[in-house]
1. Could you please let me know if Ile94 is in contact with an Asp or Glu (Cβ under 8 Å, 6 or more places away or on another chain) and modelled with pLDDT of 90 or more?
2. Under the condition of being among the polar types (S, T, N, Q) and modelled with pLDDT under 85, which residue from the stretch 155-192 is farthest from Arg132 (Cα to Cα)?
3. From the list Ile216, Ile239, Ile228, exactly one residue is surrounded by fewer than 20 Cβ atoms within 10 Å (Cβ to Cβ), modelled with pLDDT of 85 or more and in a helix (DSSP H, G or I). Which is it?
4. What helices (runs of 4 or more DSSP H) completely inside the stretch 63-181 contain at least 1 residues that are more than 19 Å from Ser32 (Cβ to Cβ) and not hydrophobic (A, V, I, L, M, F, W, C)?
5. Only one of these is modelled with pLDDT of 90 or more and surrounded by fewer than 16 Cβ atoms within 10 Å (Cβ to Cβ): Ile34, Ile49. Name it.
6. Do you know which of the residues in the stretch 137-161 that are farther than 16 Å from Ala125 by Cα and β-branched (Val, Ile, Thr) is surrounded by the fewest Cβ atoms within 10 Å (Cβ to Cβ)?
7. In this structure, does Phe71 turn out to be surrounded by fewer than 17 Cβ atoms within 10 Å (Cβ to Cβ), over 16 Å from the mean Cα position of the chain (by Cα) and modelled with pLDDT of 95 or more?
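The values are calculated or read from the model by the stated rules, or taken from the named source; none is laboratory data. Predicted, not measured: the structure shown is a model, and the values here were computed from it. Counting neighbours? That spans all protein chains shown, and the Cβs are built from the backbone with ideal geometry, glycine included.
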Amino acid sequence: MFTRLSNSWELVKASAAVLRADKELIFFPLISSIATLLVMISFAIPMAIAGVFDNMADQGSLGPAGVAVGFVFYLVMYFITIFANTALVGAVMIRLDGGDPTLRDGFQIALDHLGQIFGYALISATVGMVLRWLSERGGIVGGIVSFLGGIAWSLATYLVVPVLVVEDIGPVDAVKRSASLLKRTWGEQITGNFSIGLVFGLLAVGAFFAVGLPLILLAAATESVLVIVFAIGVIALLISGIALLGSTLNGIYVAAVYRYATQGVINDEYFSPEMVRGAFKPKRG
């Protein structure tokens, strides 16, 4: 456990070194977060008009109109996320190749791949809806299948974004290419060494107990609605900031892994060979 955490922390520091060289990289996931929040707010109205919330409360199901609205919601959310990730990874690839990317460079790369991004968002939304349906309608078995299917999909699509950026192929071929890169290069079993999420999950928990919990207790003691709202806002911003930083560093690392997978190239200025090679455990036998 401690070895895994140590390796993950080294990956965090290496990815952070890239972020320090191009601090504007964090704006890609920031813009994505703001856009997704606005989309969530804007979809609440048509979902209410379509009776989605009433159906869920009365029948425990979305209903035909709800399914349609839900699918569009998934599609838009995936499109925004993939677009921002494409811009981020594209900019990181420029940095790892020795260039000095700008926000415009990243967004231009995403715009150049707009068709592929939409296609991949469409596939992801469909997969997401199917997995959700299995989870809600399939009972225990459906929940297990949905959970395992989600893991398999995450593994298969781990390198899809850099594939779209560099290889300029369609979304279906990009998924196939991503899956083949993982299997061919590292085998089928991924270890937790690259888990930047582990480090930032622990940071979020630590921040909650160090800052969030005292604020909650203080707000409760004052019995002031204003103080309680302020405390909740501070905690939300703190956790969101940690998640934002983690998302940025993860995108940076994905780009580095792709370069090693396809070119055998490792940028020693930021990532050591052991870091990238150790992200995956070769298949035994």
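1. Yes: the conditions hold for Ile94.
2. Of the stretch 155-192, the ones among the polar types (S, T, N, Q) are 157, 178, 180, 185, 189, 191.
Imposing the further condition that a residue be modelled with pLDDT under 85 reduces the set to 185, 189, 191.
Details: Thr185: 31, Gln189: 25, Thr191: 26 Å.
Per the stated criteria, the residue is Thr185.
3. On the way: Ile216 fails: modelled with pLDDT of 85 or more; Ile228 fails: modelled with pLDDT of 85 or more.
Residue meeting the stated conditions: Ile239.
4. Answer list for the stretch 63-181: 63-96, 114-137, 139-156, 160-167.
5. Only one candidate passes the filter, namely Ile34.
6. The selected residue is Ile140.
7. no
Residue-wise test of (1) in contact with a Lys or Arg (Cβ under 6 Å, 6 or more places away or on another chain); (2) under 22 Å from Leu88 (Cα atoms); (3) crowded, with 17+ Cβ neighbours inside 10 Å.
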| residue | (1), (2), (3) |
| --- | --- |
| Gly106 | no, yes, yes |
| Leu114 | no, yes, no |
| Ser124 | no, yes, yes |
| Ser135 | no, no, yes |
| Glu167 | no, yes, no |
